[in-house]
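Here is the structure we will look at.
The values are calculated or read from the model by the stated rules, or taken from the named source; none is laboratory data. The model shown is predicted, which means the values in this text are computed figures rather than measured ones. Backbone-built Cβ (ideal geometry, glycine too); neighbour counts: all protein chains shown.
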């Protein structure tokens with residue numbers, strides 16, 4: 001197990017380095033950074049001054065290693081638009097994004113586990129078809145469109161929930177539903193397939209023959225085994241939810257990392273843009289690493305194959 005973890009850590013390190021290069025390079029591929037900072041209609045002298053002030057007249061490779069060196073020291077640079085330290089700005093916002101991601105994951109599990117179990121107990125029935133229809137609708141509806149429908153219903157029509165902001169727990173209800181509903185179908189299908197396979201196993205038939213009650217068979221034996229792959233999938237899906245929060249936070253004006261990314265793109269705040277991309281990517285890499293280790297722990301065959 002130790003050797004497996006070390007190999008995965010080394011792989012994650014190389015992926016992290018590649019992500020840092022991409023996040024640095026892609027921002028600069030959007031155009032001339034100095035022109036973007038100076039603004040439209042800026043004179044050539046102003047652009048040259050900006051290029052010299054921010055060190056953009058140096059070779060790109062030198063700029064990258066300078067930025068990477070600052071990154072390793074905890075210096076993420078200064079925001080062009082917010083006029084403050086990027087590190088403090090980003091880490092103030094990330095708490096909202098993490099809260100939204102975790103709540104969305106819990107919501108997805110809360111609706112997918114019961115639906116998956118019920119669908120597996122009654123395969124090919126109307127209940128099974130209804131559960132599959134709910135799953136299909138969850139993946140067919142774009143999350144931003146679903147978010148707007150929620151706003152129209154709960155904020156404009158019923159006036160139950162605020163449409164934007166982060167003032168109270170009510171501000172998280174609609175974003176959690178909009179973001180969590182989109183990933184719930186993957187969990188539901190996995191639980192359904194796992195339950196159907198487990199309930200048709202020999203040890204389940206043996207348990208029933210010994211007189212074990214149906215609830216115990218379903219929950220203690222069937223669901224317990226079906227949830228093993230779900231745990232690893234949940235870790236990966238959390239990374240997806242953190243990245244997907246950019247759209248949802250923008251729709252609901254949640255003051256998180258995703259909304260900060262939108263603001264930085266709008267105002268061409270390049271230091272913030274590349275740090276947000278880097279953080280979201282690194283979080284996804286780390287969560288994928290955790291999922292690999294968890295899968296190996298739950299299934300020894302994966303460790304043996306490495």
> Can you pull out the residues in region 137-168 that are closer than 18 Å to residue 191 by Cβ and out of contact with any helix residue (DSSP H, G or I) (no Cβ under 7 Å at 6 or more places or on another chain)?
Replying inline: 137
>> Restricting to region 217-238, name every residue that is within 13 Å of residue 184 (Cα to Cα) and over 15 Å from the mean Cα position of the chain (by Cα).
In response: 230
> Looking at (1) under 25 Å from residue 243 (Cβ atoms); (2) in a helix (DSSP H, G or I); (3) touching a residue at least 12 places away in the same chain (Cβ under 8 Å); (4) not assigned by TED's automatic domain parsing to the domain that holds residue 226, which is the one condition that is false for residue 81?
Replying inline: (2)
>> Pairs needed: first member in region 226-254, on the phi > 0 side of the Ramachandran plot and in contact (Cβ under 8 Å) with a residue 24 or more places away in the chain; second member anywhere, part of a helix (DSSP H, G or I) and buried (at least 19 other Cβ atoms within 10 Å of the Cβ); C-beta distance under 8 Å; at least 6 residues apart or different chains.
In response: 253/259
> So which residues in region 84-94 are within 21 Å of residue 167 (Cα to Cα) and either in contact (Cβ under 8 Å) with a residue 40 or more places away in the chain or in a strand (DSSP E or B) (or both)?
Replying inline: 89, 90, 93, 94
>> Quick test for you: out of 193, 120, 163, 178, pick the one residue that is under 20 Å from the mean Cα position of the chain (by Cα) and in the same structural domain as residue 248 (by TED's automatic domain parsing).
In response: 178
> Does residue 191 satisfy the condition of being more than 24 Å from residue 97 (Cα to Cα), out of contact with any strand residue (DSSP E or B) (no Cβ under 8 Å at 6 or more places or on another chain) and crowded, with 21+ Cβ neighbours inside 10 Å?
Replying inline: yes
> In region 259-295, what count of residues is obtained for those that are surrounded by fewer than 21 Cβ atoms within 10 Å (Cβ to Cβ) and without any contact (Cβ under 8 Å) to a residue 24 or more places away in the chain?
Replying inline: 3
> Here are some conditions: (1) surrounded by 15 or more Cβ atoms within 10 Å (Cβ to Cβ); (2) outside any helix (DSSP H, G or I). Residue 167 meets all but one. Which one does it not meet?
Replying inline: (1)
>> Looking only at residues that are within 19 Å of residue 83 (Cβ to Cβ) and assigned to a loop (DSSP other than H, G, I, E, B) in region 16-68, which one is farthest from the chain's Cα centre (by Cα)?
In response: 42
> Do we have residue 7 as over 15 Å from residue 273 (Cβ atoms) and either part of a helix (DSSP H, G or I) or at pLDDT below 80 (or both) here?
Replying inline: yes
>> Going by what's in this entry, would residue 113 be described as touching a residue at least 40 places away in the same chain (Cβ under 8 Å), under 23 Å from the mean Cα position of the chain (by Cα), surrounded by 15 or more Cβ atoms within 10 Å (Cβ to Cβ) and within 30 Å of residue 223 (Cα to Cα)?
In response: yes
>> For region 81-106, give me each residue that is surrounded by 20 or more Cβ atoms within 10 Å (Cβ to Cβ) and either out of contact with any helix residue (DSSP H, G or I) (no Cβ under 6 Å at 6 or more places or on another chain) or farther than 19 Å from residue 256 by Cα (or both).
In response: 89, 96
